Amino acid sequence: MANTARTMSRRERLRAQTLQEIEDTSFAIIDAEGVHALSIAALARSMAMSAPAVYRYFPSRDALVAHLVSLSYRQLATAMSESVTGSRRAPRARVRLLVTAYRDWALRHRRRYGMLFGERAGDLPGEDVTARTPLHEAMALLIDLLTAVPGTAEGGSGDRVLDGQLRQWARSQERPDTAPRAARAAIVIWSRVHGIVSLELTGVFDGQPLEAQRLIDSEIDSAVRSLEQE
């Protein structure tokens, strides 16, 4: 069979290499100083390029940051997905693996995590809040793991209005058949994990006899037990 894959031209290879260098250098600036320190001029200086040359790849700083945000979401979601790929452990254990990967990525990339969740107001370009990101895929994976817990196929929260909102939210995650109780557990776990990780990154637990991972595991166990007992 003939090889139908198109070989990249030299120009295309050079452009791809430069784009990769732009991404790597931009992340190096963000990792060192935060997204506020990233500018086209700073990037050009770090790469020994002219600013007009960088603009051939991104028409503005906002366009560059939007690209890096999308790439960071994808990196985080990939790390989470890979943590449970092929695992045959019980659902609770796989949820632990999933959120541990979330925390590990945040600790390795503190500034990027801040760019995604903590430094958005007034600094990052506006976005369509209804648009799906790779992180929605990770949330859908969490829902799937919780749905696998015995007894979650039915049942609500006891609040009809909230149950309706949970069903609507599950549809937005492309999981329309999810029971409200499983959807609620997913939101509770995600919000508590995000809260604990955010506190850890800001140093709230420094010098305290508290282990963030144990707190997270406790929250997961509590949420899963609530599904099993209802």
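The values are calculated or read from the model by the stated rules, or taken from the named source; none is laboratory data. For clarity, every value in this text was computed on a predicted model and none was experimentally measured. Cβ coordinates were reconstructed from backbone atoms using ideal geometry, including for glycine residues, and neighbour counts include every protein chain displayed.
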Taking the criterion of being modelled with pLDDT under 95 and more than 20 Å from V188 (Cα to Cα), would at least one residue in region 88-103 satisfy it?
yes
Using the structure shown, decide if S70 is at pLDDT below 95 and surrounded by fewer than 18 Cβ atoms within 10 Å (Cβ to Cβ).
yes
Pairs under 6 Å by beta carbon, first residue under 12 Å from A185 (Cα atoms) in region 156-169, partner among the acidic types (D, E) and modelled with pLDDT of 90 or more, six or more apart or different chains?
G156/D163; S157/D163
Just wondering, is there one or more residues in region 203-216 that are assigned by TED's automatic domain parsing to the domain that holds V99, in a helix (DSSP H, G or I), among the β-branched types (V, I, T) and modelled with pLDDT of 90 or more?
yes
Of all residues in region 176-190, which are surrounded by fewer than 18 Cβ atoms within 10 Å (Cβ to Cβ) and not in a helix (DSSP H, G or I)?
P176, D177
Name every residue in region 76-109 that is surrounded by fewer than 17 Cβ atoms within 10 Å (Cβ to Cβ) and within 24 Å of E33 (Cα to Cα), in order of residue number.
D104, L107, R108
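Residues are listed down the side, and each one gets a yes or a no for (1) crowded, with 18+ Cβ neighbours inside 10 Å; (2) hydroxyl-bearing (S, T, Y); (3) out of contact with any Phe, Trp or Tyr (no Cβ under 6 Å at 6 or more places or on another chain):
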{"position": "Q168", "(1), (2), (3)": "no, no, yes"}
{"position": "R171", "(1), (2), (3)": "no, no, yes"}
{"position": "R192", "(1), (2), (3)": "yes, no, yes"}
{"position": "F205", "(1), (2), (3)": "no, no, yes"}
{"position": "S218", "(1), (2), (3)": "no, yes, yes"}
{"position": "A223", "(1), (2), (3)": "yes, no, yes"}
Scanning region 158-175 for residues that are basic (K, R) and either at pLDDT below 90 or part of a helix (DSSP H, G or I) (or both), the one farthest from R92 (Cα to Cα) turns out to be R160
Give me the pairs, please: first residue somewhere in region 201-228 and touching a residue at least 24 places away in the same chain (Cβ under 8 Å), second residue anywhere and surrounded by 15 or more Cβ atoms within 10 Å (Cβ to Cβ) and of a type in the set (G, A, S), beta-carbon distance under 6 Å, and either six or more positions apart or on two chains.
A223/A185; L227/A185
